[in-house]
Amino acid sequence: MNKKIIARNFSRCAYLYDRYADVQKKAALEILGGIEDYSFSKVLEIGCGTGNYTFLLREKFKKARITALDISGKMVEVAREKLKDKDIEFIVADGESVNFPDEDFDLVTSNACFQWFENLEAALQKYKSLLKKDGLILFSIFGPLTFRELNASLESLLQNMPIAANNFMNKDKIKKILSNNFKEFKIRELRYEESFASLLRLLNKIKYTGIRGNGLGSKISLGWRYLKKLEEAYLNKFQQIKVTYQIFFCQGLVE
């Protein structure tokens, strides 16, 4: 993954992101639903985006000290303004390289961010070192079946156009990483489907939520003739313009 391209894509869509990020908002609610009985005093959020999940963290853990970071300065700018009265520390940083040498947290968490990491296992090992005993790492991550319908439609036109989700980790790989680093861990999968009135609406969704990564979208400056062919291929295969989002919800406990 090219971090500069990813940061640029998210910065470009920062001010429109909330209008299109329905699935990410659903995932944020789903993450916290799995820890109803927990209480945390120091929380680190990786990949805070525009602050939707950050807001939920503040609402749930009202007395916690929360530090939230994102690789996109524009995203942090939006989040900081949105939550300016919520007593949250925002940082512009790459979640894989950031260090907190004098800090220890009891929750490290992230929503729909880790699929962009170059080395997820190394990152989780770093976060584990930041956690207190009995601390928790909690995250959602997109899986490789995300946008599978779009991928299949492109393939039907014999187009080898990169879709970022093709490189996302599958459940077995994520499970192995968790088992290597946490004696107690959980992983579960949910899939969401979303339908669109046209292919162009879908492509706008991809553009304005940054989920093209450094793959699909970086080369979508397609003519109307090609878009019409792709839309026809989509409808022939699936009878509608729809996409699947595959999301894994994971947690690991530090003993």
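Under 15 Å from the mean Cα position of the chain (by Cα), surrounded by 13 or more Cβ atoms within 10 Å (Cβ to Cβ), at pLDDT 95 or above and over 21 Å from R12 (Cβ atoms) - does that describe any residue in region 213-232? The answer is no; no qualifying residue exists. Select from region 143-157 the residues that are out of contact with any strand residue (DSSP E or B) (no Cβ under 6 Å at 6 or more places or on another chain) and small (G, A, S) and write down the one among them that is farthest from N167 (Cα to Cα). Among those that are out of contact with any strand residue (DSSP E or B) (no Cβ under 6 Å at 6 or more places or on another chain) and small (G, A, S), it is S156.
For region 52-74, the candidate set comprises residues that are charged (D, E, K, R) and within 20 Å of K3 (Cβ to Cβ); within that set, the residue that is farthest from the chain's Cα centre (by Cα) is K74. Sub-6 Å Cβ pairs linking a first residue in region 233-255 that is surrounded by fewer than 18 Cβ atoms within 10 Å (Cβ to Cβ) to a second residue that is assigned to a strand (DSSP E or B) and basic (K, R), at least 6 apart or interchain, are T244/R191, ordered by first then second residue.
Residues in region 165-202 that are without any contact (Cβ under 8 Å) to a residue 40 or more places away in the chain and in contact with a helix residue (DSSP H, G or I) (Cβ under 6 Å, 6 or more places away or on another chain): there are none. Candidates in region 1-15 are the residues that are over 8 Å from T209 (Cα atoms) and in contact with a Phe, Trp or Tyr (Cβ under 7 Å, 6 or more places away or on another chain); of these, the one that is modelled with the lowest pLDDT is M1. When you scan region 139-153, do you find a residue that is under 21 Å from N99 (Cα atoms), in contact (Cβ under 8 Å) with a residue 12 or more places away in the chain and part of a loop (DSSP other than H, G, I, E, B), even just one? For region 139-153, residues under 21 Å from N99 (Cα atoms), in contact (Cβ under 8 Å) with a residue 12 or more places away in the chain and part of a loop (DSSP other than H, G, I, E, B): absent.
Annotation: of all residues in region 1-21 being in contact with a helix residue (DSSP H, G or I) (Cβ under 9 Å, 6 or more places away or on another chain) and charged (D, E, K, R), the one that is farthest from F248 (Cα to Cα) is R12. Given the criteria closer than 27 Å to A233 by Cα and part of a helix (DSSP H, G or I), does L178 qualify? Here the answer is no, as L178 does not meet what is asked. Residues that are farther than 23 Å from N166 by Cβ and in contact with a strand residue (DSSP E or B) (Cβ under 9 Å, 6 or more places away or on another chain) number at least 2 in the following helices (runs of 4 or more DSSP H) confined to region 1-120: 22-32, 52-60, 73-82. Counting residues in region 129-136 that are on the phi < 0 side of the Ramachandran plot, in contact (Cβ under 8 Å) with a residue 60 or more places away in the chain and of a type in the set (S, T, Y) gives zero.
For region 10-58, a residue qualifies if it is surrounded by fewer than 24 Cβ atoms within 10 Å (Cβ to Cβ) and of a type in the set (V, I, T), and the qualifying residues are V23, I31, I35, V43.
The values are calculated or read from the model by the stated rules, or taken from the named source; none is laboratory data. Predicted model, so just to flag it, every value in this text is computed and none were measured. No Cβ is skipped: glycine too gets one built from the backbone with ideal geometry, and neighbour counts run over all protein chains shown.
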